[in-house]
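One structure is given here, and the rest of the page talks about it.
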Amino acid sequence: MHKTKPTGDALRAARECGAAAAVSAGLQRDLRECQAAYPGLFPARPFDSTLFSAVAQANAFGAMWASTDRLRVASRTALWIFALDWLLDYVATSREEVDPLVRGCLDVADGALPPPDFPLGRFLAEIREELAAAPAFAGLEPVWREELRRTLSAMAREWDWKTAAREGTPLPTLDEYLANADNFGSSFVNVSHWIRGGDPAALGHFDELRAASGQVQRVLRLLNDLATYERDLAWGDLNALMLCSGREEIAGRVGVLVDGCGELLEPLRDVCPDEVVYLERQIGYSMGFYGITDYWGGL
């Protein structure tokens, strides 16, 4: 009987996947510790075990060369975004609940000590403390705060859109919706990741990387929406498919945006190759992941 021997390429690819899976396991354990430290932020529904695993895997396979320690800030920040999204999108029922959350997080970003009854702020303060230990944070703290502000403002804006729509106000256009893609939060995660890493090449091209990250974020926003349309209908959330003619239009817009990502990333490929691959892998990974499922558990 003929037996096929594994090739060097096959062994190498499998080894890389195994290493990334090990990093993912380490990240998942860390995220579970965060859940234990802030149980009020992560109710079992919709924060089921799969969500923690999926967040860890996305970070590990998005940078397969990186260690658990290197990816901890990105992984924790991504989980923090999920908690923020849950509180602002689904728990808050009035502007009187939205505004204190936004102000409280901005205060923490400015260095204020969060009160004991503000777990979202306490978790953010923990992330900020780890970032503050990175040499790059001193010079890039204003950038980090600005990315956080944009994320918070975009989430609050979408809350206003949904509330106004229930009262008969027209929904935003697809262009307006995409211009608000900071509500996805991936650029805030990326900026935190790059500050933590402190790579000179990345720090020397931070503005260009942020611009590319913003374009990637718009792609991810649409890929997410393609995967979550039925869920968003059930949860009363806003989705790009509500603002256009259908999936073909969104797919066409994704193609245009991906081309734009390539135009922004190509000049950076030789000077900061890891960061370029990191952003490209976010697109490719999300195409595969959102083509089958999404992160949230059921209510």
Quiz item: Counting Lys and Arg as +1 and Asp and Glu as -1, each charge on the Cβ, what is the dipole of the chain about the Cα centre in debye, to the nearest 20?
Solution: 940
Quiz item: Which of the peptides 13-21, 114-122 is most tightly packed, and how do the rest follow, going by the mean number of other Cβ atoms within 10 Å of each residue?
Solution: 114-122, 13-21
Quiz prompt | Calculated [θ] (222 nm, deg cm²/dmol) that DSSP helices of n ≥ 4 give over the chain, each run adding -39,500 (n - 2.57) | solution = -24000 deg cm²/dmol
Quiz item: Separation between the GLU176 and ARG45 pseudo-spin-labels, each 7 Å from Cα along Cα→Cβ, expressed in nm?
Solution: 3.5
Exercise. Pop the C-beta distance of ARG247 and LEU113 into the FRET formula with R0 = 41 Å and round what comes out to the nearest 0.05.
Key: 0.30
Quiz prompt | Structure-derived percent of Cα pairs over 29 Å apart - corresponding label in (1) 39; (2) 34; (3) 50 | solution = (2)
Self-check item: Alpha-carbon centroids, the range 162-180 and the range 221-261: separation in whole Å
Solution: 14
Quiz item: What's the extension gain from THR93 to GLU33 if we count 0.36 nm per residue and subtract their Cα-Cα distance?
Solution: 18.7 nm
Exercise. Taking the Cβ of LEU178 as the centre, find all other residues whose Cβ is under 13 Å away and add up their charges (Lys, Arg: +1; Asp, Glu: -1).
Key: -2
Quiz item: Ranked highest first by the average count of other Cβ atoms within 10 Å around their residues, in what order do 243-250, 23-30, 165-172 fall?
Solution: 23-30, 243-250, 165-172
Exercise. Lys and Arg at +1, Asp and Glu at -1: add these up for the other residues within a Cβ distance under 10 Å of LEU243 and post the number.
Key: -4
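Where a number appears in this text, it was derived from the coordinates with a stated rule and is not lab data. Everything numeric in this text was worked out from a predicted model, so none of it was measured. For neighbour counting, all protein chains shown are included, and Cβ atoms are generated from backbone atoms with ideal geometry for every residue, glycine included.
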